[in-house]
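The values are calculated or read from the model by the stated rules, or taken from the named source; none is laboratory data. These numbers were taken from a predicted model, which means no experiment stands behind them. Reconstructed Cβ throughout: ideal geometry from the backbone, glycine too, with neighbour counts over all protein chains shown.
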Amino acid sequence: MDMNQYLEVFIEESKEHLQTCSEQLLVLEKNPEDLSIVNEIFRSAHTLKGMSATMGYEDLADLTHKMENVLDAIRNSKIILTPELFDVIFLAVDDLEAIVMSIAEGGDGKRDVTNVVRKLQQIEKGESLVIPTINETAAASPVLETMEQATMGEYDEFEMTVLQQSKEQGFKSYEISISLRDDCLLKAARVFMVFEVLEKSGEVIKSNPPAELLEEEQFDQKFTVTLVTNESIEETKKKIMKVSEVDVVEITALNLEELRHAANIKEEKKAADKKPQEGTDQSPSINEAKETKKTVKHAPSKTIRVNIERLDILMNLFEELVIDRGRLDQISSDLDNQELHETVERMSRVTSDLQTIVLNMRMVPVETVFNRFPKMVRQLARDLNKKVDLEIIGAETELDRTVIDEIGDPLVHLLRNAMDHGVETPEKRLSKGKNEVGKILLKAYHSGNHVFIEIEDDGAGINKERVLSKALSNGILTKETAATLSDKQIYELIFASGFSTADTISDVSGRGVGLDVVKNTIESLGGSVTIDSKENEGSIFLIQLPLTLSIISVMLVEIQQEKYAIPLSSIIETAIIRKEDIMNAHNQQVIDFRGKVLPLLFLKDIFDVPVQNEEEEFLSIVIVRKGEKMAGLVVDSFIGQLEIVLKSLGNYLSTAFAISGATILGDGQVALIVDCNALIH
């Protein structure tokens, strides 16, 4: 029976069942008396076991079966729940997730699970447990054993084709084995920096372990990548060694002929092994048939997977359509033809609906990233002997897929920092009059055309004096400059490369270590990160991210002969005032706006617009807001509201102040898009 037709359904359903197991285990740990939670976990494990057996993944089915036995004993009150027991079940779930991930990547689902199976059997028999540390568990992992050999193993047909075509075009292919220092903190951050260097030199074809495991730090100190480049071995090695905490780099040139020969031998061996079984009965067992029947009964899938690159192409085509729609609007207005008016209006309605669909296709809930954090925080709390509650709010908030893919690593760094050097130990918290259980709040929400993610802890906060002292000793700033800094500017110093106020090196993190990577990653996405902290009360890291909606609604304004676009999401209202109503306060021109002092910003001065005619008696004001702060942008006139395509200015003009991009208007003119956040800041 061909099981490939069920593979995609199997993988998706397995991920859902494992996610349920992880979430419910965390709930059960806090409510060990609630056996209904055990029943929920048992049902997911039982379903996963049946599906795995049907699909022929023996390691997956065997491990799930052993876990199911333990859960059955728990719900029948034969086994008492203990922290050590939870540790083993979480280890089992980790192994199950790794197997499913391997299958999703085209693997055979094989994994050495004897260690966890043995411990589950010990629990089932009522024997005492010796729980391994994280390092011991990692050392026993077959993934890590593979890495110690520093070999990539096999390449599939697609990868071999890429390597062969690259060779024909004159590129070189290298296998690069990279070892990080034993005392390396935040290994995933260093891996990210290595990949950033390699991607500037060429194209990374493959990594071992895969990128997902590297991101989650599921590897020892060593990892291997295959790179296609036109650089020499010496040039490539020199660039990698510049990354801090990289210890050893070994590079070997790939011999494609040898790889092909090895692959052919393996295929011949497989065929030989399979031949004696050709006469045997290949029909599935009765149990498998039953499970297969269950699978077939599921409602047909109403979703399809679409490569993100295809969505990018669709978005680019739609952007061109929006520009042409604007041009048609302009022509229709100029010609004043009723039939053309009606046609253009209908086209506008249809393209608006199409626009909503195209943009929504790329939106994904941040829940897909947040889901993995509760288990991570639980394990870190165990390792650090701390008590921590993680509260997640706004997991349904949606972000563009490209941002979702990149935001996971920075959030991991910030949560690790909060766990290790934010939240204190229970003893210290009690001595300060706090609850012994620390709290970390992870919150996501929309505001205007941005998504905000907050990570707040009620821990020790940031010691300003220590930060300044470290910054001075590192030569980051002078004593004169230090005396002028505000509290927030002092906190910003911890984003300097390699900056840390940690007294001792920790296995998890040092407050500030890796935050340079966090800041760089978020800014590369067009976002920003800020800090607020109170000593002994806690810290808040606020991440602001764009929705990456390349089509936005704006108010088009005119300054002399130039047109500018102000995003509607930043605008409160527009107004016209008399010039004589302007007052001066602290060298700043202001107006009285409904009882509040509103600062005025003259865009013609900020953007150095040449003045061709004299100022009028009345001024047009666009009132914008960023958080609690407001300002009035002074323009010459309002043109009107329209939807525009946001185009990047490119690297050459990326430093232009208060300009976030540009757009092409219906008449072919280019209008710059005003960054209100930068102006108010």
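Restricting attention to segment 545-562, does a residue exist that is part of a loop (DSSP other than H, G, I, E, B) and at pLDDT 80 or above? Within segment 545-562 (the criterion being part of a loop (DSSP other than H, G, I, E, B) and at pLDDT 80 or above), the answer is yes, since at least one residue qualifies. You will find that of 82, 146, 137, the residue that is modelled with pLDDT under 55 and within 17 Å of residue 378 (Cα to Cα) is 137 and no other.
Listed by position, the strands (runs of 3 or more DSSP E) enclosed by segment 341-433 that each have at least 1 residues that are touching a Ser or Thr at 6+ places or on another chain (Cβ under 9 Å) are 363-365, 398-400.
Sort out which residues of segment 51-64 are crowded, with 18+ Cβ neighbours inside 10 Å and either under 31 Å from the mean Cα position of the chain (by Cα) or at pLDDT 85 or above (or both), and write them in order of number. 51, 52, 57, 59, 60, 61, 63, 64 - these are the residues of segment 51-64 that are crowded, with 18+ Cβ neighbours inside 10 Å and either under 31 Å from the mean Cα position of the chain (by Cα) or at pLDDT 85 or above (or both).
Rundown of residues vs (1) farther than 29 Å from residue 674 by Cα; (2) among the charged types (D, E, K, R); (3) at pLDDT below 90, yes/no style:
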| site | (1), (2), (3) |
| --- | --- |
| 352 | no, no, yes |
| 355 | no, no, yes |
| 365 | no, no, yes |
| 368 | yes, no, yes |
| 378 | yes, yes, yes |
| 428 | yes, yes, no |
| 453 | no, no, no |
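Kindly indicate whether residue 512 is modelled with pLDDT under 80, within 26 Å of the chain's Cα centre (by Cα) and within 23 Å of residue 441 (Cα to Cα). Answer is yes for this residue. Among the residues of segment 397-427, just one is over 13 Å from the mean Cα position of the chain (by Cα) and within 17 Å of residue 360 (Cβ to Cβ), namely 397.
Exactly one of (1) of a type outside the set (Val, Ile, Thr); (2) assigned to a loop (DSSP other than H, G, I, E, B); (3) crowded, with 17+ Cβ neighbours inside 10 Å is unmet by residue 154. Its number? The failed condition is (3).
Residues in segment 436-495 that are in a loop (DSSP other than H, G, I, E, B) and β-branched (Val, Ile, Thr): 437, 462, 476, 478. The selection criterion, being surrounded by 19 or more Cβ atoms within 10 Å (Cβ to Cβ) and out of contact with any helix residue (DSSP H, G or I) (no Cβ under 9 Å at 6 or more places or on another chain), does not hold for residue 446. Only residues that are under 17 Å from residue 237 (Cα atoms) and of a type in the set (Lys, Arg): list them for segment 197-227, please. Scanning segment 197-227 gives 200, 222.
Of all residues in segment 13-46, those that are within 30 Å of the chain's Cα centre (by Cα) and either outside any helix (DSSP H, G or I) or not hydrophobic (A, V, I, L, M, F, W, C) (or both) total 14.
Under the condition of being surrounded by fewer than 21 Cβ atoms within 10 Å (Cβ to Cβ) and either without any contact (Cβ under 8 Å) to a residue 24 or more places away in the chain or not charged (D, E, K, R) (or both), the residues counted in segment 389-402 number 6. Taking strands (runs of 3 or more DSSP E) as the structural unit, those lying wholly within segment 586-681 and holding at least 2 residues that are of a type in the set (D, E, K, R) correspond to 618-626.
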